[in-house]
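Structure first, then comments.
Read the figures in this text as sums done on the coordinates, not as results from a lab. Since the structure is predicted, the reported quantities are computational estimates derived from the model, not experimental observations. Methodologically, a virtual Cβ is constructed for each residue, glycine included, from the backbone with ideal geometry; neighbour enumeration extends over all protein chains shown.
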Amino acid sequence: MSACEFESLEDCLETHLPQAELTEVKRILFGKETKKLELPACAVEAASEHDFELKGYRFEAAQEQLRPPRRIRVGLIQHRIVLPTDAPILDQINAMHSRVGEMVEVAAMCGVNIVCFQETWTMPFAFCTREKEPWTQFAESAEEGNTTRFCQELAKKYNMVVVSPILEREELHDTLWNTAVVISNSGNVLGKSRKNHIPRIGDFNESTYYMEGDTGHTVFQTQFGKIAVNICYGRHHPLNWFMYSMNGAEIIFNPSATVGALSEPMWPIEARNAAIANHCFTCAINRVGTEKFKNEFTSGDGKKAHHDFGHFYGSSYVAAPDGSRTPGLSRTRDGLLVVEMDLNLNRQISDKWSFKMTGRYAEYAEELSKAVKQDFKPNIVKE
């Protein structure tokens, strides 16, 4: 079986392990069991009709005496590109709008309050090619672009916050950014968050297209909670998650586009660890499929030139501050993951573990300020 045919770790475990062992293995791998969410029959039928996976889970929090529950639902959407990479650009964008529109409609049937799409969702992940044309033509205005207008209509129609990661063209300076546009359930553009960390791996270097973002660690106050967007490669940097949390994020979304050979062993760990360390929920989203390009390119690994970057392995999931996480979506299929969470769990776990209260932030800040200076001397004691 090839990597792109392996459906999911969870399916493999459930197929081959006896029930008693399966329960214990899941507890160790995934933490406290997340209960399945009962989803409307119309949503299940629509997902089947449109050929995408639909899963639902819920995280529970303890009932408090002074605070009512703060239950909300998030939706994570993963998908493959619809048309070949050499199809006309507008056709590709419109096809993606149509596909995601179908999936958001099902999310609305499931009562989703906040939906997040994958990194640069309207286009192939063409940055591996290092070609500028025609890929930069996919770039749009974050405030007035066709995709933002499309998402505004979805947000108003379904009373849903929409997180839309796009390739942004900033007209004022004619520059490109990897940007997540956050649209309120009112339909207004609440703001945008640009990718803080740019991968430089072998000869794969996205700074060919855009540089590190300049929006810092912005958190957006929505009707359904305070959210942040840590785009793709930023998940490898613990301090990046931490700074969103320090600014008050209750849910941090991580829209990504990453392939198996590069990062899959890290994938189940990083967002989950960030949820634990920062007393918040984290949502990891990855695309699926294999995207082929006309011109060959190399990947700086000594192998021959090839026409694709590799298999995007999906496996989108949500992690909670108590160390538990949902099962992931498929590694191969388009999918919608619906997750109900009670945001009160963040403070409940913070009160229990006190990671933020026991953090030595003043000391870290002082030592970091020294470490970034040219005359820095590590604090090493020698005999």
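With a point put 7 Å past each Cα toward its Cβ, work out how far Glu367 is from Thr23 in nm, to one decimal.
If labels sit at Glu367 and Thr23, their model points lie 4.3 nm apart.
In whole Å, what three semi-axes, largest first, describe the equivalent ellipsoid of the stretch 291-383 built from its Cα gyration tensor (square root of 5 times each eigenvalue)? Spell out each step's value before the answer.
Values: eigenvalues 298, 202, 22 Å².
For the stretch 291-383, the ellipsoid semi-axes come out as 39, 32, 10 Å.
For Leu13 and Met266 in one chain, what is 0.36 nm times their gap in residues minus the Cα-Cα distance, to one decimal in nm?
Result for the pair: 89.2 nm of gain on full extension.
Between the stretch 240-262 and the stretch 146-200, how far is it from one alpha carbon centroid to the other, in angstrom?
Rounded to whole Å, the Cα centres lie 16 Å apart.
Using only the Cα atoms of the stretch 1-111, build the gyration tensor, take square roots of its eigenvalues as a ≥ b ≥ c, and label the shape rounded, prolate or oblate: rounded if a/c is under 1.5, else prolate if a/b is larger than b/c, else oblate.
Working: a/c = 2.51, a/b = 1.33, b/c = 1.89.
Note, shape of the stretch 1-111 comes out oblate.
At a 10 Å Cβ-Cβ cut-off, how would you order Leu167, Leu154, fewest neighbours first?
Numbers: Leu167 26, Leu154 22.
Result, fewest neighbours first: Leu154, Leu167.
Jot down the per residue volume, in cubic angstrom and as a whole number, of the convex hull over the alpha-carbon atoms of the stretch 50-147. Show your work: numbers first, answer last.
Numbers: hull volume 14.7 nm³, N = 98.
Value for the stretch 50-147: 150 Å³ per residue.
Between Cys42 and Lys157, what is the label-point separation in nm under the 7 Å Cα-to-beta-carbon projection?
Using points 7 Å along Cα→Cβ, the separation is 1.4 nm.
Which one, Leu368, Gly56, Ile198, projects farthest toward the positive side of the charge dipole computed for the chain from Cβ point charges (K/R +1, D/E -1)?
Farthest along the dipole direction, towards plus: Leu368.
With the cut-off at 21 Å, tell me which of the pairs Lys195/Lys356; Lys55/Lys192; Lys32/Lys352; Lys26/Lys226; Lys55/Lys356 have Cα atoms farther apart than that.
Result: Lys195/Lys356; Lys55/Lys192; Lys26/Lys226; Lys55/Lys356 exceed 21 Å.
Per 0.36 nm of contour for each residue apart, how much would the distance between Leu83 and His237 grow if the chain were fully extended, relative to their Cα-Cα spacing?
Gain on extension, Leu83 to His237, equals 52.1 nm.
If a paramagnetic tag sat 7 Å from the Cα of Phe355 along the Cα-Cβ line, which residues of the stretch 310-335 would have the backbone N under 19 Å from that point?
Once the point is set 7 Å along Cα→Cβ of Phe355, 317-327 turn out to lie under 19 Å by backbone N, inside the stretch 310-335.
How large is log10 I(q)/I(0) at q = 0.21, 0.22 Å⁻¹ when the Debye formula is applied to the Cα atoms of the stretch 136-229, each weighted equally and without solvent?
Rounded to two decimals, the profile gives -1.01, -1.08.
Report, to one decimal in Å, the Kirkwood hydrodynamic radius for the chain based on all distinct Cα pairs.
21.6
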